[in-house]
Amino acid sequence: MSKESDSLRTSPSVASLSENELSPPPEPPGYVCSLTEELVTKAREELQEKPEWRLRDVQALRDMVRKEYPNLSTSLDDAFLLRFLRARKFDYDRALQLLVNYHSCRRSWPEVFNNLKPSALKDVLASGFLTVLPHTDPRGCHVLCLRPVLPPWV
């Protein structure tokens, strides 16, 4: 028996491995915090975000999505889920509801979300409905002003 045929017999091919023996697909890279120390402190004070619990909290939300909405086609990426947790001050139930509402809005108004580019908003910006003030607030944030326009029948 040749060396080649012997190695073929002893090393199983991928086709002969069962599903359980196949190596799992590589995990997406985990969240890497890019917040400054000042923002980490602010997140801790205002959002109750604790860096040592961040990944545990993201995993808890991920588990809730899988359990309560198994058919929801959403990203389960750490950074994506962290946005919803931060928006709801790490309240899992409220973050989950926000995620579900987010997807509901995307399904309800595809014309808004499918082509969301500055050029698509050109008419809205030109109408004066939305204005960005020329100066920032004391913290350096830009200020947006909305001027609701009444429909012509009112």
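The values are calculated or read from the model by the stated rules, or taken from the named source; none is laboratory data. This one's a predicted model, so the numbers in the text were calculated from it and none came from an experiment. Don't worry about glycine lacking a Cβ; one is built from the backbone with ideal geometry, like all the others, and counts go over all protein chains shown. Accessible surface areas use protein heavy atoms only, side chains included; no ligands, DNA or RNA. Shrake-Rupley method; radii C 1.70, N 1.55, O 1.52, S 1.80 Å.
Data overview
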{"quantity": "Share of carbon and sulfur in the accessible heavy-atom surface of the range 37-146 [1.4 Å probe, %]", "calculated": "55"}
{"quantity": "Surrounding net charge for residue 129, when Lys and Arg each add one and Asp and Glu each subtract one, Cβ distance under 15 Å", "calculated": "+1"}
{"quantity": "Cα shape, the range 37-146, gyration tensor, a/c 1.5 rule", "calculated": "oblate"}
{"quantity": "Sites matching trypsin sites (Lys or Arg not before Pro) across the range 35-132 that sit in DSSP coil, with at most 15 neighbouring C-beta atoms within 10 Å", "calculated": "89"}
{"quantity": "Qualifying lysines (Cα of each under 30 Å from Cα of residue 42; at least 8 residues distant if same chain)", "calculated": "50, 89"}
